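The values are calculated or read from the model by the stated rules, or taken from the named source; none is laboratory data. As the structure is a prediction and not an experimental result, all values here were calculated from the model. Ideal geometry is used to build each Cβ from the backbone, glycine not excepted, and the neighbour counts take in all protein chains shown.
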Ligand code: GYE
């Protein structure tokens, strides 16, 4: 008798679980750690992983997803480089009976049934926290605080939602003023170039909201080149909390870092296994979050895994 609690073992597919995963690219320390987490968790869970790196190109991601459909993988997961333009390929996956999981980033669609689950961080709340902590820093200062923003790739969900979250909190309290913004495409070099432009455009900059650590580290370089002391003359708040970010924070070059954990591999594999065995999965799985200042960064660094 193979009936167990209404679960029919005859329906369980045999053979290894095959997951097709399409990654955004290798733009940041966060992304490298995310890729490592997914590969490691697949191995640990004995899941056969087909992995493709899209180098920031949506067309490549769509081609990878189509190749996974053709290969009849059990589950497809991907981190969408931009929010829009996924409906057609996701319908192809649905027609083939392959469940799709979004990791890290979100998509914009009128049909939420095109994916079964999404795993990642609440990007708007990261923006809220970045504004809140920066603002607390200036509690005893009168007048406005001029902030410039270093944005991630345009059209991606973390860029949009971190911007919204930061501006919403800033507007509620009225102290922080976002004077200007520039995209740094999530990279150190992009952040440095963007910061240089902002230094030319905005006369008085009190603080920087960099939407990831790498761009914040780029801003540190640009400020130093301009003869300013990052963390002191200009305060910087970033998101991610990679080892590089926390090291700069502990050294006083950054002022706050909001954690967005890239280590979502185990959470993804748990969902993949449940899908494989026909179980129910949660529509939304949230990743880990914390906020670091200089002291807590120093405490966290010895055990930091990414
Ligand atoms: O913050 C950034 C990256 O989508 C949350 O993408 C992710 C972002 C992360 O490359 O560093």
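Restricted to the range 89-101, and to residues there that are in contact (Cβ under 8 Å) with a residue 24 or more places away in the chain and under 18 Å from residue 59 (Cα atoms), the residue that is surrounded by the most Cβ atoms within 10 Å (Cβ to Cβ) is 100. Residue 243 falls short on exactly one of the conditions (1) closer than 30 Å to residue 47 by Cβ; (2) in contact (Cβ under 8 Å) with a residue 24 or more places away in the chain; (3) more than 16 Å from the ligand (Cβ to nearest atom), and that condition is (3). Pairs linking a residue in the range 118-131 that is in contact (Cβ under 8 Å) with a residue 24 or more places away in the chain to a residue that is assigned to a helix (DSSP H, G or I) and within 11 Å of the ligand (Cβ to nearest atom), with Cβ atoms under 6 Å and 6 or more positions apart or on different chains, are 123/158; 123/161; 123/162; 124/161; 126/162; 127/162. Residues in the range 227-261 that are within 20 Å of the chain's Cα centre (by Cα) and either farther than 12 Å from residue 297 by Cα or not in a loop (DSSP other than H, G, I, E, B) (or both): how many? Here the count works out to 18.
Of these, 285, 220, which one is touching a residue at least 60 places away in the same chain (Cβ under 8 Å) and either farther than 20 Å from residue 302 by Cα or in a strand (DSSP E or B) (or both)? Exactly one of 285, 220 is touching a residue at least 60 places away in the same chain (Cβ under 8 Å) and either farther than 20 Å from residue 302 by Cα or in a strand (DSSP E or B) (or both), namely 285.
Applying the selection to the range 70-88, what residues are more than 14 Å from residue 157 (Cα to Cα) and either surrounded by fewer than 17 Cβ atoms within 10 Å (Cβ to Cβ) or free of Cβ contacts under 8 Å to residues at least 40 places away in the same chain (or both)? The answer is 70, 71, 72, 87, 88.
Listed by position, the strands (runs of 3 or more DSSP E) enclosed by the range 105-217 that each have at least 3 residues that are crowded, with 20+ Cβ neighbours inside 10 Å are 117-120, 145-151, 207-210.
The residues of the range 33-89 that are under 18 Å from residue 266 (Cβ atoms), assigned to a helix (DSSP H, G or I) and touching a helix residue (DSSP H, G or I) at 6+ places or on another chain (Cβ under 7 Å), listed by number, are 37, 38, 40, 41, 42. Suppose we keep only residues that are more than 16 Å from residue 306 (Cβ to Cβ) and either free of Cβ contacts under 8 Å to residues at least 40 places away in the same chain or crowded, with 21+ Cβ neighbours inside 10 Å (or both) within the range 26-46. Which one would you say is nearest to the ligand (Cβ to nearest atom)? My answer is 42.
Just one of the listed residues (129, 134, 150) is touching a strand residue (DSSP E or B) at 6+ places or on another chain (Cβ under 6 Å), within 13 Å of the ligand (Cβ to nearest atom) and either at pLDDT 95 or above or farther than 27 Å from residue 272 by Cβ (or both), namely 150. Of the residues contained in the range 227-237, one or more are found to be within 14 Å of the ligand (Cβ to nearest atom) and at pLDDT 95 or above.
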